[in-house]
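Novice: Got a structure for you, questions after.
The values are calculated or read from the model by the stated rules, or taken from the named source; none is laboratory data. Predicted, not measured: the structure shown is a model, and the values here were computed from it. Cβ placement follows ideal geometry from the backbone for every residue including glycine, while neighbour counts extend to all protein chains displayed. Heavy atoms of the whole protein, side chains included, go into the accessibility calculation; ligands, DNA and RNA do not. Shrake-Rupley method; radii C 1.70, N 1.55, O 1.52, S 1.80 Å.
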Amino acid sequence: MDQETVLIRREPPLGWLVLNRPQVRNALNLDTWRRIAGGVGELEADPGIRVIILRGAGAEAFISGADISEFNELRSNAEKARSFREWPNKAIATLVNSTKPIIAMISGVCIGGGVQVALSCDMRFAAQGTRFGIPAARLGLAYPLDGVLALMQTVGAANAREILLSARLFDATEALAMGLVHKLVAADELEAFVRQYAEQMAKNAPLTMAAAKVGIREALKDAADRDRKLVEEMVARCFNSADYREGVRAFSEKRRPKFSGN
């Protein structure tokens, strides 16, 4: 039996996507991209899952970049590369458009496409000592526009230029200073920290978190491209929800609300 390149683990209210190619430091091949898209879709459809955590198998790597062994067959020219991009684009869109918060749990190395995957998550927590980089310039490749936009929106144009043009590796402390990651944690404490953080987040109102994700996503677009109607609908849905009534009631009763997602 072929190795499952992405493992799905359900620990309600948490769902885990584990990139499972440790023998190549979780390098991204075509099957991995396909299974990321499918895995997010499965956890998205599970009402018992409130927060999704994306990680690499083992502590050596989150994602070490693209699987270069596929380049000659699948990305040998511009036409083949465009065809190949269908699944990475779908996986990235599935991550970005998920209604559930997605946390990237990063350790070891996060290189190339791994940075784009991490940027597609809502929050990024990294182990101290993790190394980052986008070495496209050392391979003769160009980073896709969506990846450039995500990088610029997160670290700013100046840092994006430096990362892409230098193609150098940089450490987690620098990544934190740039805003690429939200927090650094000791390597042996990373999983416990992420789990605790996600469990606390999972206690929040699901409809409110979904509305926040949509609002932020639309706010990052040019004004003419924003779907204001969708944001207004999400806001109205929250006000009309049982969870809103539960939240107000719990506040009045000085207790923690118990949200159902309805």
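Novice: Kindly indicate which of Leu176, Leu184, Leu180 is in contact (Cβ under 8 Å) with a residue 24 or more places away in the chain, in contact with a strand residue (DSSP E or B) (Cβ under 7 Å, 6 or more places away or on another chain), farther than 30 Å from Ser260 by Cα and in a loop (DSSP other than H, G, I, E, B). Show your work before the answer.
Specialist: On the way: Leu176 fails: in a loop (DSSP other than H, G, I, E, B); Leu184 fails: in a loop (DSSP other than H, G, I, E, B).
So the residue among Leu176, Leu184, Leu180 that is in contact (Cβ under 8 Å) with a residue 24 or more places away in the chain, in contact with a strand residue (DSSP E or B) (Cβ under 7 Å, 6 or more places away or on another chain), farther than 30 Å from Ser260 by Cα and in a loop (DSSP other than H, G, I, E, B) is Leu180.
Novice: Still on this structure: Does segment 81-129 hold any residues that are closer than 21 Å to Leu184 by Cα, in a helix (DSSP H, G or I), of a type in the set (A, V, I, L, M) and open to solvent by less than 10 Å² (accessible area, probe 1.4 Å), and which are they?
Specialist: Val115, Val117, Ala118
Novice: Looking at the structure I just gave you, is Glu199 within 23 Å of Phe259 (Cβ to Cβ) and exposed (fewer than 13 other Cβ atoms within 10 Å of the Cβ)?
Specialist: Numbers: within 23 Å of Phe259 (Cβ to Cβ): yes; exposed (fewer than 13 other Cβ atoms within 10 Å of the Cβ): no.
No; evaluated as a whole, the condition is false for this residue.
Results for (1) within 21 Å of Leu207 (Cα to Cα); (2) in contact with an Asp or Glu (Cβ under 6 Å, 6 or more places away or on another chain); (3) modelled with pLDDT of 95 or more; (4) open to solvent by less than 60 Å² (accessible area, probe 1.4 Å), shown as yes or no for each residue.
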| position | (1), (2), (3), (4) |
| --- | --- |
| Leu7 | no, no, yes, yes |
| Pro13 | yes, no, yes, yes |
| Trp16 | yes, no, yes, yes |
| Gln23 | no, no, no, no |
| Val40 | yes, no, yes, yes |
| Ala59 | no, no, no, no |
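Novice: Looking at the structure I just gave you, is Ala167 closer than 30 Å to Leu141 by Cα and either touching a Pro at 6+ places or on another chain (Cβ under 7 Å) or of a type in the set (Phe, Trp, Tyr) (or both)? Give the derivation first.
Specialist: Values: closer than 30 Å to Leu141 by Cα: yes; either touching a Pro at 6+ places or on another chain (Cβ under 7 Å) or of a type in the set (Phe, Trp, Tyr) (or both): yes.
It is true that Ala167 is closer than 30 Å to Leu141 by Cα and either touching a Pro at 6+ places or on another chain (Cβ under 7 Å) or of a type in the set (Phe, Trp, Tyr) (or both).
Novice: While we're on this one: Filter segment 217-261 down to the residues that are closer than 30 Å to Ile92 by Cβ and touching a Pro at 6+ places or on another chain (Cβ under 9 Å), then identify the one that is most open to solvent (accessible area, probe 1.4 Å). Please lay out each step first, then the result.
Specialist: First, the residues of segment 217-261 that are closer than 30 Å to Ile92 by Cβ: 217-238, 241, 243, 259, 261.
Narrowing the set further to residues that are touching a Pro at 6+ places or on another chain (Cβ under 9 Å) leaves 243, 259, 261.
Values: Asp243: 8, Phe259: 43, Gly261: 19 Å².
Step by step, filter segment 217-261, then rank; the result is Phe259.
Novice: Quick one: how many residues across segment 133-171 are of a type in the set (D, E, K, R) and modelled with pLDDT under 95? It would help to see each step written out before you state the result.
Specialist: Step one: of segment 133-171, the residues of a type in the set (D, E, K, R) are 138, 146, 161-162, 168, 171.
Okay, now just the ones that are also modelled with pLDDT under 95, so 138, 146.
Here the count works out to 2.
Novice: Are any residues in segment 42-57 assigned to a helix (DSSP H, G or I) and open to solvent by 10 Å² or more (accessible area, probe 1.4 Å), and if so, which ones? Spell out how you get there, then give the answer.
Specialist: The initial filter retains those residues of segment 42-57 that are assigned to a helix (DSSP H, G or I), namely 42-44.
Matches in segment 42-57: Glu42, Glu44.
Novice: Looking at (1) over 19 Å from Phe62 (Cα atoms); (2) touching a residue at least 60 places away in the same chain (Cβ under 8 Å); (3) among the polar types (S, T, N, Q), can you tell me which one Thr130 breaks?
Specialist: Here Thr130 clears every test but (1).
Novice: Follow-up. Criterion first (under 29 Å from Tyr143 (Cβ atoms), open to solvent by less than 30 Å² (accessible area, probe 1.4 Å) and either touching a helix residue (DSSP H, G or I) at 6+ places or on another chain (Cβ under 7 Å) or assigned to a helix (DSSP H, G or I) (or both)) does Leu190 satisfy it? I'd like the intermediate steps shown before the answer.
Specialist: On the way: under 29 Å from Tyr143 (Cβ atoms): yes; open to solvent by less than 30 Å² (accessible area, probe 1.4 Å): yes; either touching a helix residue (DSSP H, G or I) at 6+ places or on another chain (Cβ under 7 Å) or assigned to a helix (DSSP H, G or I) (or both): yes.
Criteria met by Leu190.
Novice: Scan the helices (runs of 4 or more DSSP H) fully inside segment 196-262 and keep the ones with 2 or more residues being touching a residue at least 24 places away in the same chain (Cβ under 8 Å) and small (Gly, Ala, Ser). Steps first, please.
Specialist: Details: elements: 206-219, 228-239, 242-252.
Once the helices (runs of 4 or more DSSP H) in segment 196-262 are filtered for at least 2 residues that are touching a residue at least 24 places away in the same chain (Cβ under 8 Å) and small (Gly, Ala, Ser), what remains is 206-219.
Novice: Right, next: Could you check how many residues of segment 145-164 are more than 17 Å from the chain's Cα centre (by Cα), buried (at least 16 other Cβ atoms within 10 Å of the Cβ) and of a type outside the set (Val, Ile, Thr)?
Specialist: Qualifying residue count, segment 145-164: 3.
Novice: Then there is this: State which residue pairs qualify: first residue in contact (Cβ under 8 Å) with a residue 40 or more places away in the chain and farther than 17 Å from Phe193 by Cα and inside segment 31-59, second residue among the hydroxyl-bearing types (Ser, Thr, Tyr) and not in a loop (DSSP other than H, G, I, E, B) in any location, beta carbons under 6 Å apart, and separation of 6 or more residues or different chains.
Specialist: Ala37/Thr94; Val40/Thr94
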